[in-house]
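The values are calculated or read from the model by the stated rules, or taken from the named source; none is laboratory data. For clarity, every value in this text was computed on a predicted model and none was experimentally measured. Because the Cβ atoms are built from the backbone with ideal geometry, glycine has one as well, and the counts that use them run over all protein chains shown. Protein only, heavy atoms only, side chains kept; ligands, DNA and RNA dropped before computing areas. Shrake-Rupley method; radii C 1.70, N 1.55, O 1.52, S 1.80 Å.
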Amino acid sequence: MSVTEREQIRTAARIVVKVGSSSISGENAGAIASLVDALAEAHGRGSEVVLVSSGAIATGMPYLNLDERPTDLATQQAAASVGQNLLIFRYQDSLDRYDIVAGQVLLTAGDLENPSHRGNAQRAMERLLELRILPIVNENDTVATHEIRFGDNDRLASLVATLIKADVLVLLSDVDALYTKPPHLPGAERIERIAAGDPLPGVEFGSTGASGVGTGGASTKVSAARIAADAGTAVLVTATTLVAEALRGEHVGTWFDPAVVPSGHPLP
């Protein structure tokens, strides 16, 4: 189906949800349960749901006795190796309450640039969804390099949404919506809706997140949303705490209108 309004999210056939590190790791690790509640509710309505989840490095950090995100690649890879295992366990432990099985999908930027690898990823995810498995996607930080990586999982989520032709992409963050300037600044106004192709003149976005464990901010959300919206997938940007309302089609967040993509038009 074609989703063009928030209200239609409730009946969307295929939904991609992205959550960031700061929302589900450290002191917020307990938020996985409420996130899973919302995903399971959508899954129970018959929607095909894909979760793109950051958090492997942040989850692994305490087990490597690290107080802050490592800057060297080898330690990032080590933290990701430990953290990815724990992260998937936490998700599956919570999904067990609903008898939903998770499928782990780890991708690198090279996978989606290589036609053969891209096709394999697409087939695997399509089959997982057919089997009513809930794919949990993350960047494969253990083998990713500084030179060849997505940079942030907002972009990964937009590319996954495009790959599987999702009806809607929900980008979750620490803020309830996008604003005309960082929301803590005087005069910041909530952006209700962004039309396809709107260059957003006069809008100022911060370049980094408020947390020390994530890599994205409002600017990465906008860039990622444009990728998906330009390919015909509607996008909603809102807070992780509002994910249940978002997936029920309630009036939350900032909505990106999807572009009209001609039939047969090749997707990026």
Which residue, of 34, 22, 2, is within 18 Å of residue 236 (Cβ to Cβ), at pLDDT below 95 and open to solvent by 10 Å² or more (accessible area, probe 1.4 Å)?
2
Just to verify a result, which residue in the range 98-134, among those that are among the hydroxyl-bearing types (Ser, Thr, Tyr) and more than 19 Å from the chain's Cα centre (by Cα), is farthest from residue 38 (Cα to Cα)?
116
Criterion (on the phi > 0 side of the Ramachandran plot and either open to solvent by 10 Å² or more (accessible area, probe 1.4 Å) or part of a strand (DSSP E or B) (or both)) met by exactly one of 110, 103, 46, 119:
46
Inspect all residues belonging to the range 205-222 and state whether any of them is aliphatic (A, V, I, L, M), under 27 Å from residue 119 (Cα atoms), open to solvent by less than 30 Å² (accessible area, probe 1.4 Å) and modelled with pLDDT of 95 or more.
no
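Residues are listed down the side, and each one gets a yes or a no for (1) modelled with pLDDT of 95 or more; (2) under 22 Å from residue 242 (Cα atoms):
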site	(1), (2)
71	no, no
91	yes, yes
129	yes, no
146	no, no
Give me a count of the residues in the range 233-260 that are over 17 Å from residue 179 (Cα atoms), modelled with pLDDT of 95 or more and not in a strand (DSSP E or B).
11
